[in-house]
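A short worksheet on the structure shown next.
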Amino acid sequence: MSSRRVTLELQPLFEFSKVVNSSLDLEFILATVLRTIMGKMLVGKGMVLSRGDGTQFRVRFVRGISDGLVGTTLRLARPPRTFVHLRRRKDDWATLLVSSELDLLIPILSRNAIVGYLGLGRRLNGARYSANDRALLRSLVDLSGSAIEKALILGQVHDANRNLDRKVQELNTLFDLSRELNSGLDLDKVLRLLSFSLMGQVGVRQYAVALERDGKLEIAASRMEDPEALRAVFPDLCTLKRASTTQELLKHRDCRRPAGELIRLGFEAVVPMHVQQKTKGLIIIGPRIRTVPYGQADLEYLYALGNMAIVSIENARLFRDAIEMQKLEDELMIAQEIQRDLLPERLPEIPGFDIAASNIPSKQVGGDYYDVLARKGNEFVIAIGDVSGKGVPAALLMANAQAALRALSPSADSLSEITGRMNDLAAANTRGGNKFITFFWGVLDASSRTLQYVNAGHNPPIVLRTSGAVEYLDKGGLILGVLPTRTPYEQGTVRLERGDILVLYTDGVSEAMNAGGEDFSEERMLEVLRHLRTESASGLLNGLLSAVDQHAASTPQSDDITVLILRAT
Amino acid sequence: MSDFKVNHREGAGIHVIELKGYLDAHTATDLESAFQRLINDQKFRIVVNCRDLTYISSAGLGVFMAYIEDVRKNQGDIKLTNMSSKVYNVFDLLGFPILYEIYKDEQEAIRKFGESSTGR
């Protein structure tokens, strides 16, 4: 080789090296290498592959070949380190490259490692590559090897940085969201923030968020054509333990059907939201705008996001439930007040009689009622009742009954007629609902010691004679408030002799339960009364109540306890 | 804490929303209501000027996602302008440039609305 020839070839090589090594832009370097070599060798088709992971090589750049190949990855089991005549090889990758009309593959080396390959097609002049050509090719490729490696490393650093940025952004989102979620307890707001994060951080356009309600999953927020179409897949997804792609779910027998349905609807991943290992919700998402499929790290991130949201959602619900509970308690307080105001503050004195009464309301507020009113002359109205139901409605019905009694009892009409009218009023008030009042009332003439009474379905009051005999005051008719009066109420009369005891009570007394589920019972009542029959009315009352108390012991009182005792003196 | 302002002005049928400060989960609702108002009023040609936007969180990006389809369905668009490189980086990380037209300055975005009768 003459020295002149060498200089001629060295000068362009030097220029080439300067250009290629002055850049860190991989695309530019590859384009320059390919252009220079194709020009020098008169080749119409060229390709550059760069090394990826392990033995994988990716098509980075093509000239004269379809762009469709760019991005394709080839696996070269034992990457050749020397020039390869592609048509002489049988490997899959060689066949693929030959099908793109490439003939020669040249390894690109940097510090003795393969960083890529240069593929070249047939020379347009039909010439073979001479030894000189090969030497020149070797030189050009060697000169660009370190530049390509540098650019590749830079690209990797750039990608790593982007991934790091993305991670930082993900953490920022979690932080941003947690701060905001903890500051508010509004369910709608939590769902909106979760939606924004799905769209903004994950970059999904189609999603649905379902929340558990009464044991079933219901759509709470969504961005899709027909959210109701998802309903059918919920039951099968409740047992999901971790976030999964729909493709992955397809491999599990139990999930094949719902996964197929989700894929059909354009969804790519399902994220369960757990509270104490129970599925409290699901996030179902479509593809991202970045079109990169969901990886394990993405799924884990989504799982964290979902679980942070579900804690806030549960808190928001508990908060709302607590408000509801507070409302109920307020209502109960009102009912208790109404009830307390209806009971007589003080009992009137009845000549020839000793009287005592007590009402012990239960926590739940039942609807017990009793009253003692002076009528005309020496007459007194005595009443006891028990309204069905609890809370404000029961208290109001009781107030109605009291008003009716106070308005109607002074009338000269018979007890039977008055009771009939009270029943009609009660029936009108309850409007056929399942509310009613068991009611007993009577008029005691203190001069004659006779009691005329009507019992409308109440536990029959007991008359305990001095002889020890017992009579029950059970004449009357139907409980009040169920049906308008058709047949008149029967009326009873009883005369109370000195020492006789009249006991009016509600079922809270006889049905007071002990830990064994056993009622206090009427028999026990009579036993106590007989035992104490020489006591005053208040002595009897206290004795009875403490017997009930002893019987029930620590069992909580479930119903109002009301007792009214009259003793003829 | 977070300081965020949304300013709205209109010229020749194009509505410019100027964002200022810190757009995160806390302030996202402000932007949300601004978009909601425009859409309720049938104003679909929207330019968002991000010149004074110092930070955007994912919840902020989510608001853009939430409205773009509504707006485009009505032959409008949301075009973004004047982003700092920090803010652009966040949009870019999540692949938003595929979905949104992002311009250097407001005038350019407004011109683009003029170029097509559909507003896109």
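Here is how the numbers come out for the structure above:
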{"quantity": "Hits in region B:48-101 (condition: aromatic (Phe, Trp, Tyr), more than 11 Å from chain A (Cβ to nearest Cβ) and either surrounded by 20 or more Cβ atoms within 10 Å (Cβ to Cβ) or under 11 Å from the mean Cα position of the chain (by Cα) (or both))", "calculated": "none"}
{"quantity": "Qualifying residue in region A:202-214 (condition: surrounded by fewer than 17 Cβ atoms within 10 Å (Cβ to Cβ) and facing chain B (nearest Cβ under 8 Å))", "calculated": "no"}
{"quantity": "Check on B:Ile110, crowded, with 16+ Cβ neighbours inside 10 Å and touching a residue at least 40 places away in the same chain (Cβ under 8 Å)", "calculated": "yes"}
{"quantity": "Pairs where the first residue, in region A:101-128, is over 14 Å from A:Lys45 (Cα atoms) and the second is of a type in the set (Lys, Arg), C-beta under 7 Å, 6+ apart", "calculated": "A:Pro107/A:Arg81; A:Ile114/A:Arg51; A:Ile114/A:Arg81; A:Val115/A:Arg51; A:Gly116/A:Arg51"}
{"quantity": "Positions within region A:242-275 being within 30 Å of A:Leu318 (Cα to Cα) and in contact with a strand residue (DSSP E or B) (Cβ under 8 Å, 6 or more places away or on another chain), in sequence order", "calculated": "A:Arg242, A:Ala243, A:Ser244, A:Ala269, A:Val270, A:Val271, A:Pro272, A:Met273, A:His274"}
{"quantity": "Test: residue in region A:11-34 that is in a loop (DSSP other than H, G, I, E, B), of a type outside the set (Ser, Thr, Tyr) and in contact (Cβ under 8 Å) with a residue 60 or more places away in the chain", "calculated": "yes"}
{"quantity": "From A:Arg264, A:Arg231, A:Arg290, residue being more than 14 Å from chain B (Cβ to nearest Cβ), surrounded by fewer than 18 Cβ atoms within 10 Å (Cβ to Cβ) and modelled with pLDDT under 90", "calculated": "A:Arg231"}
{"quantity": "Hits in region A:286-316 (condition: more than 12 Å from A:Leu181 (Cα to Cα) and hydroxyl-bearing (Ser, Thr, Tyr))", "calculated": "A:Thr291, A:Tyr294, A:Tyr301, A:Tyr303"}
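Per-residue answers, yes or no, for (1) over 59 Å from the mean Cα position of the chain (by Cα); (2) assigned to a strand (DSSP E or B); (3) surrounded by 17 or more Cβ atoms within 10 Å (Cβ to Cβ):
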residue	(1), (2), (3)
A:Leu74	no, yes, yes
A:Arg87	yes, no, no
A:Lys90	yes, no, no
A:Ile106	yes, yes, yes
A:Ile114	no, yes, yes
A:Leu120	yes, yes, yes
A:Arg138	yes, no, no
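The values are calculated or read from the model by the stated rules, or taken from the named source; none is laboratory data. In this text, all values refer to a predicted model and were calculated from it rather than measured experimentally. Backbone-built Cβ (ideal geometry, glycine too); neighbour counts: all protein chains shown.
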